[in-house]
Amino acid sequence: MPKAAVDGACGCGTTTGIVENPFIRAQVDFQGWGYTVAMRAVIQRVSEASVTIAGDLVGRIGPGLVVLVGVEAGDTADDADWLAGKVVQLRIFADEAGKMNRSVVDTRGGLLVVSQFTLIASTAKGNRPSFIQAARPEEAIPLYERFLNQVESLAGCRPERGVFAADMQVALVNDGPVTIPIDSRRRE
C-alpha cells in the first residue's frame, strides 16, 4: 500500500497536491476546499487522570496535562516536533499571582498522552463522521512515537501513555476547566 501523502500541502508555496489513501486518490485544491493536513492535539489541564484497557490500569497522573493526539495522513516529523514543543511549553498553570503563566515543566506536572484518530474526523457531509483523513497505522505510529519521545526529551520525564489503536477508557478531572485544541499546520 502506498504511503499516504499530500504533496505541496499548506505552507510550502503549492496549493494543489495528490492525496493517496487506500480509499481515495484525488487531486485536491487546498485553497478552494480549505483542506489542510495537520497533526492535532487537545490538551486538558487536569487534577488527575488515568487510562485503562480491558480493566487494566496502564497510565495514571496527578496534576498535569492529558494530551489527546491525532495524526493526519501527510503529517511529518516537523509537525510532531512542533506540537511536542508547544504542549510542553504551553503556560496554562497558575503562577503566584494566579495568572496562567507556568508550563507543565515549571510545575513538575504529569503528562498522559493518548492517541485518538477521531480528532481527525470530518463532519462536512451528513451526520456520520468520516475518518478518511486520519493517517494509517504504518504512518501514524512512528509520528505518535516521535511525539512521545520529543515530549519526554523536552519535559525531562517519560509521559504516561495509552496504547495505540486500543479500546481505552480515559478518566480525568479537568481542572478549571482548561481545554485547548492545537493544530500543527495553523501553528495555533
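Here are the numbers for this structure:
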{"item": "Filtered residues of the range 138-169 (kept if under 25 Å from M100 (Cα atoms) and of a type in the set (V, I, T))", "result": "V151"}
{"item": "Residue in the range 160-179 that is in contact with an Asp or Glu (Cβ under 7 Å, 6 or more places away or on another chain) and within 14 Å of V69 (Cα to Cα) present", "result": "no"}
{"item": "Unmet requirement for G59, which otherwise passes all of (1) in a strand (DSSP E or B); (2) at pLDDT below 95; (3) small (G, A, S)", "result": "(2)"}
{"item": "Output for the range 171-188, where each listed residue is surrounded by 15 or more Cβ atoms within 10 Å (Cβ to Cβ) and not in a strand (DSSP E or B)", "result": "S184, R185"}
{"item": "Enumerated helices (runs of 4 or more DSSP H) restricted to the range 65-170, each holding at least 2 residues that are small (G, A, S), within 15 Å of the chain's Cα centre (by Cα) and at pLDDT 95 or above", "result": "77-89"}
{"item": "Verdict on F117 being in contact with a Leu (Cβ under 7 Å, 6 or more places away or on another chain) and of a type outside the set (D, E, K, R)", "result": "no"}
{"item": "Positions within the range 66-107 being of a type outside the set (A, V, I, L, M), more than 30 Å from P137 (Cα to Cα) and touching a residue at least 12 places away in the same chain (Cβ under 8 Å), in sequence order", "result": "R91, F93, S103, D106, T107"}
{"item": "Given (1) within 19 Å of A134 (Cβ to Cβ); (2) modelled with pLDDT of 95 or more; (3) in a strand (DSSP E or B), number of the condition R45 does not satisfy", "result": "(1)"}
{"item": "Qualifying residue in the range 94-112 (condition: surrounded by fewer than 14 Cβ atoms within 10 Å (Cβ to Cβ) and within 22 Å of V163 (Cβ to Cβ))", "result": "no"}
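The values are calculated or read from the model by the stated rules, or taken from the named source; none is laboratory data. From a predicted model like this one, the values you see are computed outputs, not experimental measurements. Neighbour counts run over all protein chains shown; Cβ positions are idealised from the backbone, glycine included.
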